[in-house]
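Written out below as structure tokens is the structure these notes cover.
The values are calculated or read from the model by the stated rules, or taken from the named source; none is laboratory data. Since we're looking at a predicted model, the values are computed, not measured. Here the Cβ positions follow ideal geometry from the backbone for every residue, glycine too, while neighbour counts run over all protein chains shown.
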Amino acid sequence: MTDTAYRPARAIHELGDAFYDVVEAAPFPQHVLRFRNDRHAATVGLGSLTDAEWIAHFGRFAPLAGSLEAPLALRYHGHQFRTYNPDLGDGRGFLFAQLYDDRGRLLDLGTKGSGQTPWSRFGDGRLTLKGGVREVLATEMLEALGVETSKSFSLIETGEALVRGDEPSPTRSAVMVRLSHSHIRYGSFQRLAYLKQPENLARLTDYVLRHYGQAEAPDRYAALMDQAVWGAARLAAGFMAAGFVHGVLNTDNINITGESFDYGPYRFAPRYDRSFTAAYFDHSGLYAFGRQAEALHWNLHQLALALRTVAETDSLVPAFSEYPLRFEAELRIAVLGRLGVRPRDDATDLALLQAMESALETTGLPLDRFYFDWRGGQRRGPSPAEASYALPAFAPFVAAIAGYAPAADTAHPYWSDPEPCALLIDEIESIWAAIDESDDWAPFHGKIAAIRRMGAAMTGEIEPS
């Protein structure tokens, strides 16, 4: 049973069937509920569903009342590692439902691992349970660190044995549901430009602006570009402050609202290493930690090229050209926010960031340790990193941070823990090993609780004086 706050929608039907294919979910031999995000279910009026109702909707995909009557596999193209691919689309997922949250935003419930679609190519349309576990952990950690991310809404084990070439097989299967702010990607626009469909490009632009942006903008394409640039700048800055490497920043993996999603070979960087990569197949380091802002700028260029088929180039240039400055501004906000200090002026803040980056690169200090120790702008101890902070490489940062006032309260018990909450690859593998070897889910749920506790501590803002 849904809550009184439940507000279903079918906005996607405004676009018409040129944008998607009606599909069916795969039948699964088993449905074992492994994770349900009650925190976010409450925001969309689904918190009161029983486990049986939850499985019916998010494992067997019975339609939610008043929302989409059938799942839709969206059509899109995209650049994959800067090679254009016109044979993409929702290949192992679909748009299952749309609904409004308690802030009045239109949100999408999309799937991963729900079976084959016309866009599956040679894939089986399935998701490994390990992949689902990893994605839940990623989204929980990013949300706690303040990064704009999709929310892992549901994870259900489905009882199939999957064969994968890049991990031990056979391996367990799952189906995941994500809650996200838009299912529309840069590649959705690229496809329409490629197919020379200007009317559909206009229709898609209006849909995005109406539901996710500026409905009354005088220049629809300039407004869309402006929104995309701000979203990309904020996302790139969030990744850097979180020490996160997405791994596959292709244009089919970037949505138009600037919300991160689709977590395959991600990593949280152990140290501030610009060359650190997440994907074993990223041989050139295209999406390395320090190149993510550049990657998103390149993707924006591809979006601009698609829009240029229907818009005046001069109308797109102002927003696109401001991306470096917007990224710099968003990076200051993100880093100072994680440090828990109040901004000063742009030049002073930039000098602090430069001193911080230099110190971290020189010393190789763990990122999570650093941010934990300097929360609120004053070093708290004792810390195993004390020797590093005494090095000459840290002196400029120590001098610079002394001029900053705290913007966050450090009274939460988390800030007295001996170690910061982190999510490095070894721990993720350990969590999965417990599940794989003995079906022990305690480390998984314990980690989610620890991450949420950290997230609660991170929100301890001090009221403006």
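Quick notes on this structure:
- The one condition from (1) closer than 24 Å to A144 by Cα; (2) in contact with a Phe, Trp or Tyr (Cβ under 9 Å, 6 or more places away or on another chain) that A306 does not meet is (1).
Results for (1) in contact (Cβ under 8 Å) with a residue 12 or more places away in the chain; (2) under 19 Å from the mean Cα position of the chain (by Cα), shown as yes or no for each residue.
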residue	(1), (2)
G104	no, no
G115	yes, no
R121	yes, no
G146	yes, yes
S154	yes, yes
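- From the list R10, R75, R60, R82, the lone residue that is within 30 Å of H283 (Cα to Cα), surrounded by fewer than 15 Cβ atoms within 10 Å (Cβ to Cβ), over 19 Å from the mean Cα position of the chain (by Cα) and in contact (Cβ under 8 Å) with a residue 12 or more places away in the chain is R82.
- The set of residues from region 336-371 being acidic (D, E) and in a loop (DSSP other than H, G, I, E, B) comprises just one member, D345.
- So A311, is it modelled with pLDDT of 95 or more, of a type outside the set (V, I, T) and crowded, with 22+ Cβ neighbours inside 10 Å: no
- Against the test of being out of contact with any Pro (no Cβ under 8 Å at 6 or more places or on another chain) and in contact (Cβ under 8 Å) with a residue 60 or more places away in the chain, the options E199, E140, E216, E167 yield a single qualifying residue, E140.
- The condition (being assigned by TED's automatic domain parsing to the domain that holds A193 and part of a loop (DSSP other than H, G, I, E, B)) is satisfied by just one residue among A306, A311: A311.
- Only residues that are among the basic types (K, R) and over 18 Å from Q292 (Cβ atoms) were counted across region 323-369, and they come to 3.
- Selection count, region 30-48, where residues are surrounded by fewer than 15 Cβ atoms within 10 Å (Cβ to Cβ) and under 20 Å from the mean Cα position of the chain (by Cα): 2
- Enumeration of residues in region 163-198 that are hydrophobic (A, V, I, L, M, F, W, C) and within 23 Å of F261 (Cα to Cα): A174, V175, M176, V177, L179, I184, F189, L192
- Residue match in region 279-294 (condition: over 26 Å from L336 (Cβ atoms), touching a strand residue (DSSP E or B) at 6+ places or on another chain (Cβ under 7 Å) and modelled with pLDDT of 95 or more): no
- Here G47, G16 are screened, and the one residue that is on the phi > 0 side of the Ramachandran plot, assigned to a loop (DSSP other than H, G, I, E, B) and either among the basic types (K, R) or out of contact with any Ser or Thr (no Cβ under 7 Å at 6 or more places or on another chain) (or both) is G16.
- Qualifying residue in region 253-266 (condition: within 16 Å of the chain's Cα centre (by Cα), crowded, with 20+ Cβ neighbours inside 10 Å, small (G, A, S) and over 17 Å from L423 (Cα atoms)): yes
- Looking only at region 108-123, and only at residues there that are of a type in the set (A, V, I, L, M, F, W, C) and at pLDDT 95 or above, the one that is surrounded by the fewest Cβ atoms within 10 Å (Cβ to Cβ): W119
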